[in-house]
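Working notes, beginning with the structure itself.
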């Protein structure tokens, strides 16, 4: 690079900084596409975004439509000719009691997991606000579980939850409590999965909540003190509403993620356990154990509709809640 | 005071499984499945007063095939490494160029595209696996490394695009403008101005793509049953054989498998929030 | 009403922000803490408010010790430099918040809000959110929020620091009018001397954590306690010329390297290092000179136009010298008379004023 070039770059960068922060310098936001080199974009921009989008279309959009097509056929995993069966697969889906059970299981799991993780995570974040010795080490250790493979974590928790020699029951035994059969009792299995999920993902909710709390400017707390607000009022009217958007975001992320629950199910109870058969596990069972690809696709389409609907409703809810809350307060 | 206690007890409970993992890996199998309350490895055979008596047998036998499997742990680890690394390189490369395009050009429907890429991340893998399987069969891709690499690249693209767009948006456009004025081509401006400045972002993105590919289970299990089996699939396959499996060897394997993730987590600790929220929240 | 005794604050990092500040305020008085940034004025204010805990000394309000009681128990109003309005509440909710906290019923809340809204002319803003308002309007609301509960003390931390110049004097007037009307004791922090002069009943000038001088605007301007105050106040500040005192029995002189100015008789020991201070507006340009009068001769370098007057930049044997004048002088020598009664003499070493 020439000396002139470097100088120009530094000047330009300074101009950019001024243009953003002050009222001086030429407007930065809209000038790019039109003024500098007219029409250079037209062919070039697709070279930048094209490859990635093509891959996404091939691996995401196309399969969705293909899945829709398959859901009207009786295709089998083993291959062979598939024939068009109309909406037969969908009638099967809605008349199978297992589907309703899987829906209930998934819903129970999602509701409990999100509620526990978000509230526990928020409470932890409140404790994590003030600086203290060893805070960063503690935070790092807490974040480890959520970075691990759910399938591997699920397998390993077998050692902890085992009814005979698991550490959990050993501790309970030492405390004189009972010996619940975490992995085999049909009433408990789902809660064992929930326990693993809470262990893995509470720190996630905590991390986002902490970001929300840290974003509240300190002078608002000073103002509230001057305004003679009690600690409870400060929490209820300042801390909670101002950190709510990010807490809601944590809930949204956890909801969409918990809806997919599959890896731990496979590693803890297997796909065909009635007490823990989530929607994903049911899909697996139908497609890979019963070899019914067409029917599996119908299940998949229904699941897709649910996932999309839920995330849409959630996003809308967050938006309206925010505006309403802002005005009501 | 209440806060300290609450935080302390949660930390203790949350750290326990991790500590237990470490302890289990240095025990004998007899020790692990002994139902009496035994925290430390004691090698029950000889030690009558329980004392700290670890064994490295779990690590020494790491590669012994388990329950009829042909391959040992290292074979699956190698699969994970190859697939993880190559797919990461591909997603970061494609994701960075795509993010640059979205960040600097006027792409028709850019918002829709971006939200579409994000929404693909919310879909359960099992819901799109059928058509993928059919497609893969057409191209002879099941059971190949390249098949999983391709899939993870596509799967991680949304993450890479969103993260990289956040990082590239933060680089002032003026740098490139100056370069263009100085006679650089657009491509030169991208490679010589943007890429060097986006290095941190690319490293963070790479770590999150790698972790995601490293940990993936749903696709890996359904698109493979022979050659390209990764560690999570191998481990999860042991479920149901609880009594028979050699826990010390497995937990040693789990530790070896998660160690790089822990190291990476520490390396990108300042960007974790960004990574896990697709760049929507910045620390 | 308000009393500070030997108030000190040392931060954990060792910074001594405030070192032994003592002052008092009478009911209804408006005190201005004036000084450059980092002089400890804001820290002093925050200790009065209870937002910062003093490391030594005490704060009394109405004769009652409040040094370590929390801000919420002191019954004060505080206006922050950056407004600190609650961003998720409307203007109305912002004004209502302090009233709800003291448990006022809806009817009385409404009455109090109506009163403040009328006083400040903010009725049209009540339904907006703070982020929709200009800086000036936001600060008006912040002022309203501090007033609405009618606290016993107002504390203001550079409230106009971020407001555009034109609007600033507007808001200053509004505030002063209300403060005089409500007769609430006020401590006002600023680094803007013009603002201090305009508002203050009494100005307290701080530097490096201690009070340098306190007095009415008149006192601190005309009789600066030391070189620092002399230079800090006024625009431009005082002319300061370094020299030596020559006491020759019946006559005294202020001598610089190249000139000698005859001086009135003052009790100062011979040969002491002295700095002579005089304000540009207190000297006069005169052609005929009495022999005995103190004067300086200099050459005009430049005339600076200030609208209603000029500032002449002079080169004198004693160094650069500024003179305020009604007319421009483009060039040539001129004599400047230094009126005895307006001269300030400072000890160069200590900076303290001698006479």
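Test residue B:73 against the criterion of being out of contact with any strand residue (DSSP E or B) (no Cβ under 9 Å at 6 or more places or on another chain), modelled with pLDDT under 85 and closer than 29 Å to residue B:228 by Cα, and give yes or no.
Considered against the rule, which asks whether it is out of contact with any strand residue (DSSP E or B) (no Cβ under 9 Å at 6 or more places or on another chain), modelled with pLDDT under 85 and closer than 29 Å to residue B:228 by Cα, residue B:73 comes out as yes.
Annotation: of all residues in the range B:212-227 being assigned to a helix (DSSP H, G or I) and free of Cβ contacts under 8 Å to residues at least 60 places away in the same chain, the one that is nearest to the other protein chains (Cβ to nearest Cβ) is B:215.
Quick check on the range A:214-228. Is at least one of its residues in contact (Cβ under 8 Å) with a residue 24 or more places away in the chain and more than 14 Å from chain C (Cβ to nearest Cβ)?
There is at least one residue in the range A:214-228 that is in contact (Cβ under 8 Å) with a residue 24 or more places away in the chain and more than 14 Å from chain C (Cβ to nearest Cβ).
The range A:159-237 holds helices (runs of 4 or more DSSP H) entirely within its bounds, and those carrying 3 or more residues that are more than 30 Å from residue C:151 (Cβ to Cβ) map to A:167-174, A:189-214.
Just one residue in the set A:307, A:315 is closer than 18 Å to residue B:124 by Cβ and at pLDDT below 85; that residue is A:307. Which of the residues belonging to the range C:235-262 are buried (at least 17 other Cβ atoms within 10 Å of the Cβ) and touching a helix residue (DSSP H, G or I) at 6+ places or on another chain (Cβ under 8 Å)? Listed by number, the residues that qualify are C:237, C:238, C:239, C:240. Scanning the range B:102-130 for residues being touching a helix residue (DSSP H, G or I) at 6+ places or on another chain (Cβ under 8 Å), modelled with pLDDT under 80, in a helix (DSSP H, G or I) and more than 7 Å from chain A (Cβ to nearest Cβ) gives a total of 6.
Of all the criteria given as (1) under 17 Å from residue C:22 (Cα atoms); (2) in contact (Cβ under 8 Å) with a residue 60 or more places away in the chain; (3) within 12 Å of the chain's Cα centre (by Cα), the one not satisfied by residue C:209 is (3). Only one of the listed residues (A:132, A:69, A:48, A:62) is outside any helix (DSSP H, G or I) and facing chain B (nearest Cβ under 10 Å). That residue is A:132. Whether a residue is over 30 Å from residue C:153 (Cβ atoms) and either within 14 Å of chain C (Cβ to nearest Cβ) or touching a strand residue (DSSP E or B) at 6+ places or on another chain (Cβ under 7 Å) (or both) was assessed, and residue A:244 passes this test. Among all residues of the range B:161-169, there is none that is at pLDDT below 80, on the phi < 0 side of the Ramachandran plot, in a helix (DSSP H, G or I) and in contact with a helix residue (DSSP H, G or I) (Cβ under 7 Å, 6 or more places away or on another chain). Whether a residue is more than 9 Å from chain A (Cβ to nearest Cβ) and either free of Cβ contacts under 8 Å to residues at least 40 places away in the same chain or more than 30 Å from the chain's Cα centre (by Cα) (or both) was assessed, and residue C:141 does not pass this test. Within the range B:179-211, restricting attention to residues that are surrounded by 15 or more Cβ atoms within 10 Å (Cβ to Cβ) and outside any helix (DSSP H, G or I), the residue that is farthest from the other protein chains (Cβ to nearest Cβ) is B:198. Among the residues of the range B:137-149 satisfying the criterion of being in contact (Cβ under 8 Å) with a residue 60 or more places away in the chain and within 18 Å of the chain's Cα centre (by Cα), which is farthest from the other protein chains (Cβ to nearest Cβ)? Within the range B:137-149, the match that is farthest from the other protein chains (Cβ to nearest Cβ) is B:145. In the range A:86-99, is there at least one residue being at the interface with another protein chain (Cβ under 9 Å from one of its Cβ atoms) and either surrounded by 15 or more Cβ atoms within 10 Å (Cβ to Cβ) or under 24 Å from the mean Cα position of the chain (by Cα) (or both)? Scanning the range A:86-99, I find no residue that is at the interface with another protein chain (Cβ under 9 Å from one of its Cβ atoms) and either surrounded by 15 or more Cβ atoms within 10 Å (Cβ to Cβ) or under 24 Å from the mean Cα position of the chain (by Cα) (or both), so the answer is no.
Would you mind finding the one in C:186, C:177 that is more than 28 Å from residue C:324 (Cα to Cα) and either not assigned by TED's automatic domain parsing to the domain that holds residue C:79 or not in a helix (DSSP H, G or I) (or both)? Walk me through it before giving the result.
Details: C:177 fails: either not assigned by TED's automatic domain parsing to the domain that holds residue C:79 or not in a helix (DSSP H, G or I) (or both).
Result: C:186 is the single residue among C:186, C:177 that is more than 28 Å from residue C:324 (Cα to Cα) and either not assigned by TED's automatic domain parsing to the domain that holds residue C:79 or not in a helix (DSSP H, G or I) (or both).
The set of residues in the range A:50-61 being within 24 Å of the chain's Cα centre (by Cα) and surrounded by 15 or more Cβ atoms within 10 Å (Cβ to Cβ) consists of A:52, A:53, A:55, A:56, A:59, A:60.
The values are calculated or read from the model by the stated rules, or taken from the named source; none is laboratory data. A quick note: this is a predicted structure, and the numbers were derived from the prediction, not measured. Here the Cβ is made from the backbone with ideal geometry for all residues, glycine too, and neighbour counts use every protein chain on show.
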